[in-house]
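Take a look at the structure below.
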Amino acid sequence: MDDLIAGYKRFRERGWPERRKIFEELSEKGQSPTAMVIGCIDSRVDPAMIFDVAPGEIMIVRNVANLVPPYEPDTAYHGTSAALEFGVRVMGITDIIVLGHGMCGGVQALLKGAPANARDFVAPWMSMASSARERSMHLPTEEERQSCCEQEVIKVSIANIMTFPWVAERVATGALNVHGAWFAIHSGILMILQPDGRFVDAETYISRFSANF
């Protein structure tokens, strides 16, 4: 906690003066983000840093392995689904990005089994992505299975997002877009999911996008 308080002091000394106007405007006018990033709780993967955004620009939802459960409105507690509903139906975001990453501990638990002290919640949570595990186990090395499964988990989340009727309706009309992305911690490279199921690096994606205009 002491380190965090020290960080807050640095923020008040340097960060706050630089961004005071932004925060004042956000407090007066409210927020109007256009995108939501669904990422992992891994401390090494910060969506705001990766996308270099200022306060108020994106909504961020984080959980173990950036998973989105399917649409199941009931009396249980659904934190990720509630965030999705707020972002889409209340804030009117136009883009959802599921952001996976390399060296994901949740995916490792899916592939190898959760540690004995992470079976109350982590194990059943990750079982949601069992199909991603099945699509990865044919690969010969542990590293290949890990990377493949991380990217397949992104696809599972996207498929589940599309089970939300108010998401599917907006996607069908073009009012909402759903994207997949994968971040390599060791290199800082971002990969973007393509319609054919492949991931290409963001620089290639940007070049292709620019070429269409």
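Every number in this text was worked out from the coordinates using simple rules, so none of it is lab data. Everything quoted here is computed from the prediction, not taken from an experiment. Virtual Cβ from ideal backbone geometry, glycine too; neighbours counted across all protein chains shown.
Number of residues in segment 154-177 that are crowded, with 21+ Cβ neighbours inside 10 Å and touching a strand residue (DSSP E or B) at 6+ places or on another chain (Cβ under 6 Å) equals 3.
Taken as a whole, segment 115-129 holds no residue that is touching a residue at least 24 places away in the same chain (Cβ under 8 Å), of a type in the set (V, I, T), assigned to a helix (DSSP H, G or I) and within 20 Å of I60 (Cα to Cα). Residue count for segment 26-48 under the criterion of being surrounded by fewer than 13 Cβ atoms within 10 Å (Cβ to Cβ), in contact (Cβ under 8 Å) with a residue 24 or more places away in the chain and either small (G, A, S) or assigned to a helix (DSSP H, G or I) (or both): the result is 1.
Here is the figure for segment 53-79: residues that are farther than 26 Å from L111 by Cβ, without any contact (Cβ under 8 Å) to a residue 24 or more places away in the chain and within 17 Å of the chain's Cα centre (by Cα) total 1. Residue check: is A83 touching a strand residue (DSSP E or B) at 6+ places or on another chain (Cβ under 9 Å) and assigned to a helix (DSSP H, G or I)? Yes; evaluated as a whole, the condition is true for this residue.
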